[in-house]
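The structure appears right after this line, and notes come after that.
None of the figures in this text is laboratory data; all of them are computed from the coordinates on show. On a predicted model such as this, the values are computed, not experimentally measured, just so you know. Here the Cβ positions follow ideal geometry from the backbone for every residue, glycine too, while neighbour counts run over all protein chains shown.
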Amino acid sequence: MSTRKTPKDLELKPEDLDGFDIKDLKCHACSGYGNCGYRMYRLLDGKPVLICQVRKQQLIEERDQ
């Protein structure tokens, strides 16, 4: 019997995208090492997706101007 805990609510939801396309928010590992701390991990069709929170905030600010 496995005692490993599985994270809940990792499926990608529309509110995670905030109206943007997944291609616009995809993480490009700005730091070059992939450990910037601004990445959000989600699952889309069972596959991992990395969303860049910095890019998302930039797009929100541009949209709200």
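Extending each Cα 7 Å along its Cβ direction at residue 65 and residue 16, get the distance between those two points in nm, one decimal.
Label at residue 65, label at residue 16, 2.9 nm between them.
By the gyration tensor of its Cα atoms, with a ≥ b ≥ c the square roots of the eigenvalues, what is the shape of segment 14-64: rounded for a/c under 1.5, prolate for a/b over b/c, or oblate? Don't skip to the answer; put the middle values down first.
Values: a/c = 2.29, a/b = 1.11, b/c = 2.07.
Oblate, because a/c is 1.5 or more while a/b does not exceed b/c.
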